[in-house]
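Written out below as structure tokens is the structure these notes cover.
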Amino acid sequence: MSKSTDYAAEEWKLISSAPMLAGLVVSVADLSGPVGMVKEAMAVVNAVTQTAAGTSNELIRSVAEAIKGGGGRPETSEIRSDPTNARTLLIERCKKAAALVQQKSPVEADEYKRWLVSLARKTAEAAKEGGFLGFGGTKVSDAENAALRDIAMALGVSTV
């Protein structure tokens, strides 16, 4: 079982920011407006806390602690400078984080990947898309479902 000290600082930064990156994959797929974006951001943090409490995976617990402690903030300047490729860039970072975990702790890698996809799913479900003032709309839009499929495929897991 691995923890932050098993990784170089840059590696840990990527691994601990991947949950937020996974949430952003869905958020940038179908922008929900300011209220929806706040709901989606909060959904990731809440899901990290909830899922980490119920896992025996040391890595996931360590990442959750880092996020609760104010860490895990992803570097987004590259994404902001190239919004048309944001989803691709975010997914690539998640893939790199998963590859690092696979390399150093293969026993935890599959659960880590599934966790990232489940966090993306919880983000997608946090705010309705396409409604007006909270009325109507759909729980998970087609664009968000496509983003979920993309991240799951990239990480080699099924959508949750």
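The values are calculated or read from the model by the stated rules, or taken from the named source; none is laboratory data. Every value quoted in this text rests on a predicted model; they were computed, and no experiment measured them. Cβ coordinates were reconstructed from backbone atoms using ideal geometry, including for glycine residues, and neighbour counts include every protein chain displayed.
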* Hey, among the residues in region 48-72 that are among the small types (Gly, Ala, Ser) and modelled with pLDDT of 80 or more, which one's surrounded by the most Cβ atoms within 10 Å (Cβ to Cβ)? -> 64
* Asked: Inside region 73-101, can you point out the residues that are modelled with pLDDT under 85 and under 24 Å from residue 2 (Cα atoms)?
  -> 73, 74, 75
* Could you say which residue among 107, 157 is outside any helix (DSSP H, G or I), at pLDDT 85 or above and under 30 Å from residue 1 (Cβ atoms)? -> 157
* Asked: Any idea which residue in region 119-149 is nearest to residue 39 (Cα to Cα), counting only those that are surrounded by fewer than 19 Cβ atoms within 10 Å (Cβ to Cβ) and modelled with pLDDT of 90 or more?
  -> 145
